[in-house]
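Right, one structure below, let's go through it.
We did not get these values from a lab; they are worked out from the coordinates using the rules stated. Just so it is clear, the structure is predicted and the values come from calculations on it, not from any experiment. Every residue, glycine as well, gets a Cβ built from its backbone with ideal geometry; the counts of neighbours run over all protein chains shown.
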Amino acid sequence: MCGILGLFHDKNSTAKLLTGLSILKNRGKEAYGLANSTTTIHAPTIPTLKTKLKTTQLRTNLLAHCLHAVINQIPQPLKRKGILIANCEIYNWKQLAKKHNFKAENDADLLLQLLDKEQPTQTTLNQLDGVYAFAYLDNNILTIARDILGVKPLWYSAADTFAFASEKKVLKTWKQNFIDELNPRTILHYNTKTKKITTTERTFFTLTKPHTKKTTTEKLPNILQKAITKRFPKEPFGILFSGGIDSSIIAKIAQQHKKKFTCYTTAVQEKNWKPSHDLIAARKTAKLHNFPLKEIILTKKDIPKLLKEVVPLIEDSNVVKVGVALPFYAACQQAKKDNIKVLFSGLGSEELFAGYQRHHNSQNINNECLSGLRKIYEKDLYRDDVITMNNTLELRLPFLDKQLTQFALQIPPQLKIKNNTGKYILRKIAQTHLNLDKETAWRPKKAAQYGSNTDKAIQKLAQPQTKSAYLKQFYPQANLKLGVLWSTGKDSCYAAHIMKKQNYELACLLTIQSTNPDSFMFHTPNIHLAKLHAKAANLPLIIQTTKGEKEKELSDMETLLKKAKQHHNIEGVIVGAILSTYQRDRVEKICDKLSLKIFSPLWHMDQELLIHNLLKENYEIIISSIAAEGFTKEWLGKTITKKTIQQLKQLNQINIAGEGGEYETLVLDCPLFNKKIKITKAKKTMDTPHSGRYTIEQAELKEKR
């Protein structure tokens, strides 16, 4: 809805903030403003603001704002007791104003008065129903915060200067170091006098006792209706429309409330291609329910031009993100031409109601939903925000409504996935309560990049390169700097390899050396070879020791990740977890605490496919320990080949990739290594007839052919 930014302890604050406002100008074109602790100025344009600056003493420690008004056009920064700049859409602002006896002109004014009265605490923010990112300055304390799921973006940098902005590209232009995305579960406080930073951690959604089937079916329709209707603006609006269950629910409820809206569907079409799945579905559903539909038809030739705009805009060349961004961006362009100011999306429904394959594979569906919600701000929300704001559109996401989210996390798993159908209860309600046709209500999920044919277009344009390599030309920088939790085994190595191929930078390897061979969390066989692996990969290595005591070893991991963030400026962590929620959830919790993003590219990957992929990529892997019936001493030190895979399949009741701890591995060579590991001395030790270890006593690096 708006753009916010600020800069403290920088002599060039005014010039940099004017540059930043120019970068963010599409986030709001109705008014611009600057303020410090004593003075506030507003102007209708950036040049006018620049002229006004000449007659003021505004030089440093400044807040700035560009306005895209939906509720009353009130320029910011706003000043009462404290000073506020906000990018917010608070749906219960009138109720809160009445409750606190405030005379507020809009939601931002309400927020300022609330912060003045109660200060920016978790309790204060928990009263807000909506989405927001704000900076609040009072008594030399600057507080920055955002809504709990991270719908509204906020980036910051804390070095000699303190800077923040709605978009990362502003801080890059200012050449700030150590740029971080503010974790939505963190409130950050910056003392403008001492330059010290403190944080307050916010409680996220929790998994409590599930509702009964009766409670779910009785209450969910009403909660869903409220989540959508409270977001309806007075003016005509748009809906990103695929003909699937989520966007159709929004359109149906809008139609029932007699709202004026337009559905937007994007597809890439070529003469010899099969018609776009989304276009066919959108046409069917729109015709059947009389939804106004506008089609944006692209050809393969249109894609490179769009990529030049989209990839730098989202600051990411990840294939999936770009594939989703392209049809979204094209729809936003058309909505902007139609003078639309608000656009609805069904994003979030998959995480709430278990619509992804990983939910089907999970033994704890609601826990998997919760995990996805923690990461949605990095995965989807920043991309979608910058695309809509670049087209001066406000994005509204009813499926990420606070009340709906908490309720959905208490829906019994058997109502989310039934008869192998995801989002079962949502589909049932759509058909029985909203009168959506059966085909639309039960239409299978098709990811946007495939349903629109954008992924196919990128694939064709990229040949003979990979899609990642092709997209890198549009954004040469690494997507993020990542540390790798490195065990010397196949999973951590392959996870790092996948992320590197997707244009992420591997900044360092991170290894835990446990004195307990039966650690609950960490791989222990031949962990000392991590040093040789680091040399082979030409990457820095940080080693942290632990006694390997259950749960206590997590504090040692936290220490390790803190070191990596301090010394290598990592922004996220790669984990090789495939099925272990015990491992993934604990790493996720620590990363969330440290504002690090977590990447698990092998999560729920088919285990036999994983092993075959490793061989296809010319990995050389040996078995370093065994612990399952059917294994014998001869398995220790055995190289994994196609023949080995067949032998593993013949063993009874084991995970073929060893995910249940049946065996551990050691990587001797892989595409990440410049040199390979040569074992010069090793021994086999059996503890029982079916368990033992292959200990590498001496090894060296050898040149690769």
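Thr644 sits among other residues whose Cβ lies under 14 Å from its own Cβ, and their net charge, with Lys and Arg +1 and Asp and Glu -1, is +1.
Multiplying the residue separation of Lys702 and Lys683 by 0.36 nm and removing their Cα-Cα distance gives an extension gain of 4.8 nm.
Checking [x] 50, 28, 21; [y] 42, 38, 22; [z] 44, 32, 25 against the coordinates, the calculated semi-axes √(5λ) of the Cα gyration tensor in Å falls under label [z].
For segment 649-692, rounded, prolate or oblate, judged on the Cα gyration tensor with a ≥ b ≥ c (square roots of eigenvalues), a/c < 1.5 rounded, else prolate if a/b > b/c? Oblate, since a/c reaches 1.5 and b/c is not below a/b. Averaging Cα coordinates gives a centre for segment 453-524 and one for segment 547-608; these two points are 14 Å apart. Using a cutoff of 8 angstrom between alpha carbon atoms and counting only pairs six or more residues apart, the relative contact order for segment 3-201 works out to 20 percent. Near Lys683: Cβ cut-off under 13 Å, other residues only, Lys/Arg at +1 and Asp/Glu at -1. The net charge is +3.
Cβ-Cβ distance of Thr38 and Thr200, R₀ of 30 Å, FRET efficiency by 1/(1 + (r/R0)^6): the value works out to about 0.65. Rounded to the nearest 5, the antiparallel percentage of DSSP beta bridges internal to the chain is 70%.
Rounded to the nearest 0.05, the FRET efficiency derived from the C-beta distance between Lys501 and Asn92 at R0 = 41 Å is 0.35. Amide H to amide H, with H built 1.01 Å from N, Leu293 comes under 5 Å of Cys263, counting only residues 5 or more places away or on other chains. Projecting the Cα atoms of Cys591, Leu541, Ile512 onto the charge dipole of segment 478-703, computed from C-beta unit charges around the Cα centre, puts Leu541 farthest toward the positive end. Qualifying chymotrypsin sites (Phe, Trp or Tyr not before Pro) in segment 128-237, where qualification requires a DSSP coil assignment and no more than 11 other C-beta atoms within 10 Å, are lacking entirely. Charging the Cβ of each Asp and Glu at -1 and of each Lys and Arg at +1, and nothing else, the dipole of segment 629-677 about its Cα centre rounds to 320 debye.
Dipole magnitude for the chain: about 1420 debye, using +1 per Lys or Arg Cβ and -1 per Asp or Glu Cβ, origin at the Cα centre. Taking every alpha-carbon pair under 8 Å whose residues sit at least 6 apart, segment 47-118 reaches a relative contact order of 25 percent.
Taking Cα atoms only, the orientation of helix 245-256 departs from the longest principal axis of the chain by about 20 degrees. Working from Cα pairs under 8 Å separated by at least six residues, relative contact order for the chain is 9 percent.
For segment 252-332, rounded, prolate or oblate, judged on the Cα gyration tensor with a ≥ b ≥ c (square roots of eigenvalues), a/c < 1.5 rounded, else prolate if a/b > b/c? Oblate is the answer for segment 252-332, as a/c is 1.5 or above yet b/c matches or exceeds a/b. Its DSSP H runs of at least 4 residues, each contributing -39,500 (n - 2.57), put the calculated 222 nm mean residue ellipticity of the chain at -11000 deg cm²/dmol, to the nearest 500. Sorting the segments 603-614, 58-69, 29-40 by their residues' average number of neighbouring beta-carbon atoms within 10 angstrom, most packed first, yields 58-69, 29-40, 603-614. By other beta-carbon atoms within 10 Å, ranking Met389, Met686 with the fewest at the front produces Met686, Met389.
Phi angles across segment 641-654 convert, under the Karplus curve 6.51 cos²θ - 1.76 cosθ + 1.60 with θ = phi - 60°, into 3J(HN,Hα) values of 10, 4, 5, 4, 4, 5, 5, 5, 5, 7, 6, 7, 6, 10 Hz, Gly and Pro given as x.
Segment 72-145 to segment 229-268: how many Å between their Cα centroids? That distance is 29 Å. About its Cα centre, segment 478-703 has a charge dipole of approximately 600 debye under the convention of +1 per Lys or Arg Cβ and -1 per Asp or Glu Cβ, with nothing else charged.
Fully extending the segment from Thr48 to Lys274 would add 76.1 nm, taking 0.36 nm per residue of separation and subtracting the current Cα-Cα distance. The order of Ser345, Ser166, going from fewest to most other C-beta atoms within 10 Å of their C-beta, is Ser345, Ser166.
Taking Lys and Arg as +1 and Asp and Glu as -1, the other residues whose beta-carbon sits under 13 Å from that of Asn272 total +4.
Of the residues Asp160, Asp116, Asp147, Asp592, the one with the fewest other Cβ atoms within 10 Å heads the list, and the complete ranking is Asp160, Asp116, Asp592, Asp147.
Tell me whether segment 283-376 comes out rounded, prolate or oblate; compute the Cα gyration tensor, take square roots of the eigenvalues as a ≥ b ≥ c, and use a/c under 1.5 as the rounded threshold. Oblate, since a/c reaches 1.5 and b/c is not below a/b.
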